[in-house]
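A short reminder: the numbers here are calculations on the coordinates, not readings from a lab. Source: prediction; values computed, not measured. Because the Cβ atoms are built from the backbone with ideal geometry, glycine has one as well, and the counts that use them run over all protein chains shown.
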Amino acid sequence: MRRTVGQGFSPAALFVLAFALPIVVTAWTLAQVAWNRSASRGPIVLTEREIHVPRTSEDNSARRGWISWQYRRGEHGRIGRDALAALGFDMSVDAASPDAPRHYARMLPKDAWLALELRGPAFHALPAEARERGSRLVLVDISDSLQTLVDRYPDGSQYLITAAVVRVVWQDPLDGPPYVAAGIDRTAPRRLHISRDLASAVAGDRYRVSVVYGRRFEPWIVAASR
Amino acid sequence: MTKDEAQRRADRIRAFRAELQALSLEGIETLSDERAAAVAAHHDGLLRALAARFDIDRTDAGRRMSLGMRLASAFGAAALTAAIVSFFYRIWGGLSTPAQVALLAAAPLGALAAMVVASRRERTLYVASLCAIVACGAFVLQTVLLGNLFNVRGSPHVIAAWAAFGFAVSLPFRFVLPFGAAVGAAIAYAAALLIQAAGAPWQYFGSRLESVLVPAALAYPAWGIAPLELRPWMRGVTLTVALGALLGLSTFESPTALPLDAGAASVVYQIAAAAAAFVVVGHGLRTGRSEIVAIGAAFAGVFLLGRFVDWWWDWMPKYLFFLILAIVAIAAIWLLRRLRARLAEAA
């Protein structure tokens, strides 16, 4: 180990870097988590309808839940041009234009914040079938400003605010004119970790989970019951 | 002197001895007995010194064994990494959170310690190389699972950490696989930052291949900063990524940063890809770098095949299609032979 590598990086320095990185990554992550959890919003209580926890297998004992939600229906319910333009999407092409499919398909998605309403007016406005079986979380708002959504929806027990990736979706339904609306590619984080202590509570088909969001709007589960 | 240079010297000595023997059998006098003995003694001493310092192969059989050991080392590393990841996922749900955090940190540190111990005990470094690859895999696993454990929103800077770890592990011993992976991660990090600056989520850098093409193309000329033994790998990885991105842009009508519609942009990239094929192969031949010629030729072949299929497959009789492919291949051989002859004259 007498050689140097490139511009004065000795092997010893590189070994120190290699050994330090896992420790630094752990320390940094724990520090971020501690800061995130130093304040909280909520809890919001979700059931198996809103947070789906797949069964574990022999090869994968990790338990993580997917948050699911529904979109509002109808022309006045969907999140459309104005909200998407406010996020910075180029909405200059009319949805009925022949250029529209190509124009909107070539757009990259954007980071945004979502507000999901739990068992509120938006849920009750859904068709009966959707209310009976689907998630009681309904997408009601999107914004590129977290503070805007926090100010609009201060009740953390009824409104779940999360980071997400939003894209423009062009639709040409059989029973109406073409339109563009917001489509959610993914939330961030996508799934919620369920600790060993709470795992038995979500092992069945019916359960309730209390989710809290911290300063960085990174969630964690504080309680679970059957 | 690097290991590659030592191996090439050993190969030249072996070739020299074989040619002397062949000339002797053909009745051609070359060296006197005294001079032949002196040269042989010098070469024997040199080979012993090179073998002791660099662990080179002195015979063809030794060379084949070394290749086999390298392949076995790479396969073993991949299998061991997969075993560790599978083990983690199997026991994960039964561990407390502190145990999970500790285990995630211990995995790459343990692999690093094993790498250092193996490097001191085994001169060939095959086991140390295996441990280095496992350490890289364990570090990636640590960053991913820590994020999952605490529901952390992702950041592109984790890719920079992967690159830094790969470089730190590979450079002291010139391990090629971790080095190649580190170069790839560095390109991915730059691509993620580029797409983020363009207003899109960083995870989507693969959706806009220009964000991959630009950093890979810019990184290629920087191969000179890598250690001698790793320069071919840096050239190879950056060139492969850049040409791969160009191939994607020229083949698929995907969203593009160019102020053109997708179809027109695809044509522009096809012209660029055709030019790149010539430039890369020519550059490889002129500089005598076989890895560049191989990558450029493979890229040209795949690109041409894609274009021919796109233009002719649907309507052209199949026998004619394959006949044209064969003619193009023969023409390529003729062209490369002309180029090689011209380069040999110039040399």
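Note on the range B:260-323: Kirkwood hydrodynamic radius from all Cα pairs is 13.2 Å, rounded to one decimal. Our note on the geometry: Cα centres of the range A:79-115 and the range B:1-54, 71 Å apart.
Taking the inverse of the mean reciprocal distance over all distinct Cα pairs, the Kirkwood hydrodynamic radius of chain B comes to 24.1 Å. Each residue of chain A gets 211 Å³ once the volume of the Cα convex hull is shared out per residue. Karplus-based coupling profile of the range B:227-238, in residue order and whole Hz: x, 3, 5, 9, 4, x, 6, 5, 4, x, 5, 5, with θ = phi - 60° in 6.51 cos²θ - 1.76 cosθ + 1.60 and x standing for Gly or Pro.
Remark: C-alpha extents of the range B:220-335 on the principal axes read 51, 39, 16 Å, sorted largest to smallest. Using every pair of separate Cα atoms, the Kirkwood estimate puts the hydrodynamic radius of the range B:100-190 at 13.4 angstrom. Backbone phi angles across the range B:7-15, fed through the Karplus curve with coefficients 6.51, -1.76 and 1.60 (θ = phi - 60°), yield HN-Hα couplings of 5, 5, 5, 4, 5, 5, 4, 5, 5 Hz in residue order; Gly and Pro are listed as x.
Rounded to whole Å and ordered largest first, report the semi-axes of the equivalent ellipsoid of the range A:117-204 derived from its Cα gyration tensor (root of 5λ).
Taking √(5λ) for each Cα gyration eigenvalue gives 27, 19, 16 Å.
Dimensions of the protein assembly as shown along the principal axes, based on C-alpha atoms and rounded to the nearest Å, stand at 103, 60, 41, largest first. To the nearest ten degrees, helix A:11-36 and the longest principal axis of the Cα atoms of chain A are 40 degrees apart. Sorted ascending by nearby beta carbons within 10 Å, beginning with the fewest, B:MET1, B:MET115 become B:MET1, B:MET115. Sequence-ordered 3J(HN,Hα) estimates for the range A:214-226 from the Karplus curve with 6.51, -1.76 and 1.60 and θ = phi - 60° stand at x, 4, 8, 6, 9, x, 8, 9, 9, 7, 8, 8, 8 Hz, glycine and proline given as x. The base-10 log of I(q)/I(0) for the range A:66-187, evaluated at q = 0.14, 0.15 Å⁻¹, reads -0.62, -0.70 [Debye formula, identical scatterers on Cα atoms, solvent excluded].
The ellipsoid that matches the Cα gyration tensor of the range B:18-63 has semi-axes, each √(5λ) in whole angstrom, of 25, 15, 5, with the longest given first. Close amide-amide hydrogen proximity is noted between A:ALA223 and A:SER210, each under 5 Å apart and 5 or more residues distant or on a separate chain (H modeled in the peptide plane; Pro and chain starts excluded). Taking N as the residue count of the range B:174-240, its C-alpha radius of gyration divided by 2.2 N^0.38 Å amounts to 1.15. Counting only other chain Cβ atoms within 10 Å of each residue's Cβ, the peptide A:109-118 averages 2. For the range B:46-110, the C-alpha radius of gyration divided by 2.2 N^0.38 Å, with N the number of residues, is 1.83. In vacuo Debye scattering of the range B:160-297, one point per C-alpha: log10 I(q)/I(0) at q = 0.17 Å⁻¹? After summing over all Cα pairs, the log10 values are -0.95.
Inter-chain neighbour count for B:257-264: the average number of beta-carbon atoms from partner chains within 10 Å of each residue's beta-carbon is 1.
Peptide B:168-175: average number of partner chain Cβ atoms within 10 Å per residue? The mean count of partner-chain Cβ atoms within 10 Å per residue comes to 6.
Counting only Cα atoms, the size of the range A:1-122 along its three principal axes is 71, 41, 36 Å, in decreasing order. Highest mean first, the peptides B:198-205, B:214-221 sorted by other C-beta atoms within 10 Å per residue fall in the order B:198-205, B:214-221.
Peptides A:114-121, B:275-282 ranked from most to least packed by the mean count of surrounding Cβ atoms within 10 Å: A:114-121, B:275-282.
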